[in-house]
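The values are calculated or read from the model by the stated rules, or taken from the named source; none is laboratory data. Remember, it's a predicted structure, so these values are computed and weren't measured experimentally. Note that we place each Cβ from the backbone using ideal geometry, even for glycine, and neighbour counts take in every protein chain shown. The accessibility values were calculated without ligands, DNA or RNA, using every heavy atom of the protein model including side chains. Shrake-Rupley method; radii C 1.70, N 1.55, O 1.52, S 1.80 Å.
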Amino acid sequence: MTIASEALPEPNLLENCNSATNDNSENVAPPQVDRQWLVKLLQKHSSDPRIVPYYESLHAKYEILKNKALVLAPMVDQSDLPFRLLCRNYGTNLCFTPMIHAKMFQEKQGYRKKFWSFVNGTPMEDRPLIVQLCGSDVPSLLYTIKFIMSSPGGVDGFDLNCGCPQTIAKRGNYGAFLLEKDNGDLVVNVVRALVKEVGDTIPISVKVRILPTGLDDSLKLYTRLVDAGASMLTIHGRTRFQKGLTTGKADWDAIKKVVEVLGDKIPIIANGSISNLDDVRTCLEYTGVDGVMSSEAILEYPALFTETNTEAVGWKRTGPGRLQLAREYVKISESYAPDCGGQGNGIKCVRTHIHKFLHEDLTGRNDVRKEIAFANCHENLYKSFEDIEALNKAEGHIVENENLSWYMRHRVPRRCESIPVPSKIQRTNDMVQIDHQEQIA
């Protein structure tokens, strides 16, 4: 994709942004939300040749998948344009951009260029697409929304990040902490102001977590967000304290309750504890949501929404192998550089993805891990893939035996002295094979 010189929007496009306020008036009714807008959006793009095979096979086989959103989550430096395009090749029918910091987007030209090309927009093959924003400053949020809406290509919605649990989000007055600010008044006023300004032309949705004070308080706040005009809620079934080693299983019961209370008004998306298509189907059936969003699992395996590593295929990997996906991603990133309007940090973003794709292949292989960590071009990465392929061949690697590895890092017990090293090949640079029995002999 050719990136031309960036041009700022015409002054009259943004003339109302700086005059916008965090209006806390609840007397003005928001635009009426079409409950079927998400289904209509998916159907509009249902003839995309990349998604048709999955609709004709899996969606026909499993009725529960029909007209459901299978969503790539918004992830900083991870749901970049090349990665979105890769996921769309394997059953994903809705993508979110990485979180865009609205105030930085407004104030820093370099940041704008990294996250969005005003000249080229996003390519048509990157649709349907929802842009996620963070912040609580209404003028900055409106500036960013109108900037992106005025660029070529178009987008299909804007989402407010109220799920990020990191400390930086607390300092920046966004993410999961925004839900708790002023007893929820601030986030409700922000949503109302955005909907009042642009809600009649594009959906404004919110991605949330469960409040630390419990589900009842969460439901009250979610209801206020819907009353303020939010056109969709994505519920991450965890609190902001559940991260890293304390991630735990997502609370699908809480998500189910949200659907019971608000599902007749707007679409609800579930996020959390999705590792394969079996989990997708189970979540849809149990909670009644309109779609399922994956983040960490799809980061490691972009073909997550296909019939692979499921009970129906004997838990075997019938889809593309790790190396195949790594090569496909790098190939796409050569055409759509992630640091030029693609929402990523260039080759650093590419390397980060590769480490997740190939987490298991890099375990115990320090030399090739270093090759990838210091790769400064695509050619170096391709060379590393060849090295990994040779090592795997020497070990008798079989693609159908592959499973999630990086995704499981916080979901299995950490090794300790009381848990022996498993009887698997222990890789070393010279490929000496040492099994558990030899270690204790």
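Tabulated data
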| read-out | value |
| --- | --- |
| Net charge of neighbours whose Cβ lies under 12 Å from the Cβ of P212, counting Lys and Arg as +1 and Asp and Glu as -1 | +1 |
| Pair D200, K316: separation of 7 Å Cα→Cβ label points (nm) | 5.8 nm |
| P(r) of the range 82-123 over all Cα-Cα pairs, binned every 5 Å from zero, in whole percent | 5, 19, 24, 22, 16, 10, 4, 1 |
| Mean-position separation - Cα centroids, the range 181-198 and the range 115-158, in angstrom | 19 Å |
| Environment charge of N183, counting only residues whose C-beta is closer than 13 Å and scoring Lys/Arg +1, Asp/Glu -1 | -1 |
| Cα principal axis extents for the range 41-92, largest first, Å | 34, 20, 18 |
| For the range 164-284: accessible area per residue (Å², 1.4 Å) | 37 Å² |
| Cα-projected label distance for Q32 with S57, points at 7 Å along beta-carbon direction, nm | 4.2 nm |
| Viscosity 1.567 mPa s, 4 °C: Kirkwood-radius Stokes-Einstein D of the range 250-402 over Cα pairs, µm²/s | 74 µm²/s |
| For the range 268-335 and the range 35-51, distance of Cα centres in Å | 19 Å |
| Rounded percent of accessible protein surface that carbon and sulfur make up, the range 61-117, 1.4 Å probe | 50 percent |
| The range 159-203: translational diffusion in µm²/s, Stokes-Einstein, Kirkwood Rh over Cα pairs, 25 °C, 0.890 mPa s | 223 µm²/s |
| Per residue convex hull volume, Cα atoms of the range 175-258, in Å³ | 88 Å³ |
| Test item: Cα-centred dipole of the range 103-161, Lys/Arg +1 and Asp/Glu -1 on Cβ, debye | 260 debye |
| Along principal axes, Cα extents of the range 99-169, largest first, whole Å | 35, 24, 19 |
| Between the range 60-75 and the range 209-249, the alpha-carbon center distance in angstrom | 21 Å |
| Dipole moment magnitude, nearest 20 debye, the range 198-339 about Cα centre, only Lys, Arg, Asp, Glu C-beta charged | 360 debye |
